[in-house]
Structure formats: structure tokens, C-alpha cells
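The values are calculated or read from the model by the stated rules, or taken from the named source; none is laboratory data. Remember, it's a predicted structure, so these values are computed and weren't measured experimentally. Note: ideal-geometry Cβ built from the backbone for every residue, glycine included; neighbour counts use all protein chains shown.
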Amino acid sequence: MNPIDVLYCWQTLMMASVIVGLTQSFKASIEAFLTYKNKDAGLSGKELRARVKMLDSVLLPLFPLMSGALIGAFIPLRPEVLTTYVNQHASGSHGAYALWGAAVGQFADYIFQHGKRMFRGQTEQSSRSPSNPPPSNPPSDPPPSGSGDSSEGPSGK
């Protein structure tokens, strides 16, 4: 069994897509719930979610791992190479499939977050066309260099 065979297969990509979708749906539903409960606060769901430290530091980072583990253990969407290996060495253990699912969930969320950041950066750069360059700061005057004229050169003589 080659680890690359397990990583680059359609089952892993499908599972990663499902986990990212579930994670983003879970995050959006939490934000909508918080916005509904605190509609008088005038804050967005993301700002309200940031106030609840337990959500941002524990629950949301664990969600892709847990959902991946559950999907991996109970839904028979597994690479053939992994199934063969588990049947030969682990007697068909669902724990091995859960670990595979948790690993897929971890990396799916990681790749999604980095891709989202890169896409945001690219759209900001592409929105700057030659007709709409970024604002430039006017050149600043050089600081005064003690006594003497700047035309005298570096030695000051």
C-alpha cells in the first residue's frame, strides 16, 4: 500500500468536499443562530461567533475531524487500497477507517482555508487594473543631514 494511492483517489476527494461543505454549513448555521439570538446587538454573525471563545478555539476546529471520523467509520466510501490493507492487517476495523476520515477532514479544512486566503488575495490583486492602480504615497523629502549642503558630497567638504 502506498500512502499516495490513498490520498489521490476519488473517494478521498469526494469525502474532503463533503467535509468542507458540512463544516461551512455548520459555521453558517451557528452564525445565523447567534445573529438571530442577538439581533439587537447590531453585530454580524462572525463578530458574535468570535466573542464565544469555545466555538472558535474548540468546537469549530474539531468539527472537520469528528465529521471525517464519523463518515469514514460508517459510510462505505473508502479507497480500495485502504480497504484491502485494513482487511489484511486490522481485521476490518472501523477505527482504522475513522482515523482515515479524521485525517481527510483535517487536511480538507486546512486546504480549504489556505485556498480561500489565496483566492481573496488574488481577487484583490486582479481588481487593480492598469487604469485603476493602487494609491501611491507621495515621495517623502529626505531627512536633513546635519550641517552642510547636500551638493558637497558625502565627506561634507
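In the range 56-77, what count of residues is obtained for those that are β-branched (V, I, T) and over 15 Å from M15 (Cβ atoms)?
1
Being at pLDDT 80 or above, surrounded by 11 or more Cβ atoms within 10 Å (Cβ to Cβ), in a helix (DSSP H, G or I) and not β-branched (V, I, T): is that true of M54 here? Before you say what the answer is, go through the steps one by one.
On the way: at pLDDT 80 or above: yes; surrounded by 11 or more Cβ atoms within 10 Å (Cβ to Cβ): no; in a helix (DSSP H, G or I): yes; not β-branched (V, I, T): yes.
Judged against the criteria, M54 is not a match.
K46 passes all but one of (1) at pLDDT 80 or above; (2) under 23 Å from the mean Cα position of the chain (by Cα); which number fails?
(1)
Among the residues of the range 1-46, count how many are part of a helix (DSSP H, G or I) and surrounded by 11 or more Cβ atoms within 10 Å (Cβ to Cβ). Outline the logic, then answer.
In the first step, residues of the range 1-46 are kept if they are part of a helix (DSSP H, G or I); the result is 3-7, 10-37, 45-46.
Right, trim to surrounded by 11 or more Cβ atoms within 10 Å (Cβ to Cβ) and you get 5-7, 11-24, 26-35, 45-46.
So the answer is 29.
Sort out which residues of the range 78-120 are in a helix (DSSP H, G or I), within 20 Å of W10 (Cα to Cα) and of a type in the set (D, E, K, R), and write them in order of number.
The answer is E80, D109.
Are any residues in the range 85-122 surrounded by fewer than 12 Cβ atoms within 10 Å (Cβ to Cβ) and in contact (Cβ under 8 Å) with a residue 24 or more places away in the chain, and if so, which ones?
The answer is none; no residue qualifies.
Evaluate the following for S29: is it modelled with pLDDT under 80, more than 15 Å from the chain's Cα centre (by Cα) and farther than 18 Å from A103 by Cα? Lay out the reasoning, then the answer.
Details: modelled with pLDDT under 80: no; more than 15 Å from the chain's Cα centre (by Cα): yes; farther than 18 Å from A103 by Cα: yes.
In short, no.
Out of the range 1-56, which residues are out of contact with any helix residue (DSSP H, G or I) (no Cβ under 6 Å at 6 or more places or on another chain) and among the aromatic types (F, W, Y)?
If the condition is that a residue be out of contact with any helix residue (DSSP H, G or I) (no Cβ under 6 Å at 6 or more places or on another chain) and among the aromatic types (F, W, Y), then Y8, W10, F33, Y36 are the ones that fit.
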